[in-house]
Amino acid sequence: MPDPITKYPDQTGLMILPWVTLFPGAMMPLKIFEDRYQEMVAQALLGNRMFAIAHTLSEEDASESLGGIGMIRACVTNPDGTSNLVLQGVTRVAFHEIHLDPYPRSEMLMLNDPDESNATLESLRRSIMDAFRSQAVEKLGIPDGFVSHLDTITTHGAFADLLASTVFENPQTRRLIFQELDVMTRMELLEKFLLAGVLD
C-alpha cells in the first residue's frame, strides 16, 4: 500500500481517461503527451506529486463520478517534452466542480475505507482467497510471492482493491468493483466475479 498521507490537497490536477480505473495501492504507468497534462505533471512535481484519474468520457461527466487520486512515484521527462511516469493509487475520491484552464483540476472529497473487521468479513475474505487460488492463480500465472503478500494486508478494503486491480482486466468489471464504497459489497462482487471466471 502507498505511504500514509497525512494531508490531502483541497484541489488537484485531473486526467480524464475513459474506462481507466486507478485502484488504491495499484501502480499505473502513464505516458504524458498532451500539453495541458504536461503542465499538470510539472506542477504536481513541484508540489505534493499528486493528481487524480477520472474514468469518464468527458470533463462534464467527471463532476458526477468517482475516481482515484494517486502519487507520482517515478517520472522521466523525454527530450520531446513528453513524460513517462508511474502513478500509485492512494484513495478513492468524489469530484466536485471541475476547472478546465490551464488544465483539468477539481475539488475533491476523499473516500477512505473504514478500518473495520468482523467475523463475516473474515469469512468472506477466506472464501475469496479460495476462489482466487482455484480460479485465477494458475490461469494467470500469479507468483507465489503475490499470494503470500495478500495475507499480509490488514484491511479488507485494501485486500479487495489489490486483488481486483491485479486479476481483472475488463474495464466494466474493474469499474463496478471500484465504484462500490461499501467494503462488504465490494468483496461480495469480487468473489462473484472470481467464481464466474470473469478474468478478462
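Read-outs: derived from the displayed coordinates by stated rules, not from any lab. Please read all numbers here as calculations on a predicted model, not as lab measurements. Every residue, glycine among them, receives a Cβ derived from its backbone with ideal geometry; neighbour counts consider all protein chains shown.
For this structure, a couple of remarks:
- Degrees between helix 183-195 axis and first principal axis of the chain (Cα, 0 to 90, nearest 10): 70
- Our coupling estimate for segment 89-105, obtained by passing each phi through the Karplus curve with A = 6.51, B = -1.76, C = 1.60 and θ = phi - 60°, is x, 10, 7, 6, 9, 10, 7, 10, 5, 9, 10, 9, 10, x, 8, x, 7 Hz, Gly and Pro reported as x.
- Panel values: segment 119-195, Kirkwood radius from alpha carbon pairs, Stokes-Einstein at 10 °C and 1.306 mPa s, translational diffusion coefficient 128 µm²/s.
- Qualifying GluC sites (Glu not before Pro) in segment 124-182, DSSP loop, other Cβ atoms within 10 Å at most 13: Glu169
- Share antiparallel - DSSP beta bridges, the chain, percent rounded to 5: 90
- When you filter the GluC sites (Glu not before Pro) in segment 27-124 for DSSP loop state and at most 16 other Cβ atoms inside 10 Å of their Cβ, you are left with Glu34, Glu64, Glu116.
- Within segment 7-40, the chymotrypsin sites (Phe, Trp or Tyr not before Pro) that combine a DSSP coil assignment with at most 15 other C-beta atoms in a 10 angstrom radius are Trp19, Phe33.
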